[in-house]
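A.B. asks: The structure under discussion is supplied below as structure tokens; questions concerning it will follow.
The values are calculated or read from the model by the stated rules, or taken from the named source; none is laboratory data. Keep in mind it's a predicted model, so treat the numbers as computed, not measured. Here the Cβ positions follow ideal geometry from the backbone for every residue, glycine too, while neighbour counts run over all protein chains shown. With ligands, DNA and RNA removed, areas are computed over all heavy atoms of the protein, side chains included. Shrake-Rupley method; radii C 1.70, N 1.55, O 1.52, S 1.80 Å.
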Amino acid sequence: MLNTEFGLDVRPVSTLSRDELYNLLHALYYQLNERVSFVKPKEPIVAQLLFDFGNIAFLLGYYPDALKDYERAKEYGFEDQLIELRIKEANRLSNLPKTVSKALTENKVQSVYFKYGCWIVGIVLTGVLIALIYKRKKRTSTDQNAL
């Protein structure tokens, strides 16, 4: 239907860029807006489109919208255990603080940990360097006093 897959993991995945996802979201919105007004549940094509719409919303970090889309997909007959897993995960993520959920959607959690990890490693290495310099100075002054 969409010529794109969102994987089978708890969180949807995509190779599309953020801009491509936005474009797909808007195109899908117009398709669904037309179809939903004429087609009543249960309709497998609309159910799949709503599920995909929810996956895109999820990927863009619109977790409350993704939850609504997933519920609507179920109304239209989407029956797969994957939707339950994604509903649970979207619920969990929608309850996280905004900064954490934003970092997750922008795939920056790893870079945040990396950034702080670098700071910590830098501080530890600076401490070790200062200790070595102090120890060397102490040894040098002890050697000079012995002469």
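A.B. asks: Over the Cα atoms of the stretch 57-101, compute the convex hull volume and normalise it per residue, giving Å³. Show your work: numbers first, answer last.
C.D. replies: Working: hull volume 2.6 nm³, N = 45.
Measuring per residue, one finds 58 Å³ for the Cα hull of the stretch 57-101.
A.B. asks: Next question, about the same structure. So for the pair Glu79, Val13, with labels modelled 7 Å out along Cα→Cβ, what separation do we get in nm?
C.D. replies: Placing both labels 7 Å along Cα→Cβ, they lie 2.9 nm apart.
A.B. asks: Kindly give the semi-axes, whole Å and largest first, of the ellipsoid equivalent to the stretch 1-99, taking each as the square root of 5 times a Cα gyration tensor eigenvalue. Kindly include the intermediate steps, with their values, before the conclusion.
C.D. replies: On the way: eigenvalues 81, 51, 31 Å².
With the √(5λ) rule applied to the stretch 1-99, the semi-axes are 20, 16, 12 Å.
A.B. asks: Over the heavy atoms of Leu96, what accessible area does a 1.4 Å probe trace out, to the nearest 10 Å²?
C.D. replies: Accessible area, nearest 10 Å²: 50 Å².
A.B. asks: Round to the nearest 0.05 the FRET efficiency obtained for Phe38 and Asn95 when R0 = 35 Å and r is the Cβ-Cβ distance.
C.D. replies: Once the sixth-power term is evaluated, E becomes 0.50.
A.B. asks: Additional query: As an exercise, use a Förster radius of 22 Å and the Cβ-Cβ distance of Ile120 and Leu60 to find the FRET efficiency, rounded to the nearest 0.05.
C.D. replies: Step by step, r from the Cβ atoms, then E = 0.10.
A.B. asks: Keeping all protein chains in position, work out how much accessible area Arg11 exposes to a 1.4 Å probe, and write it in Å² to the nearest 10.
C.D. replies: 90
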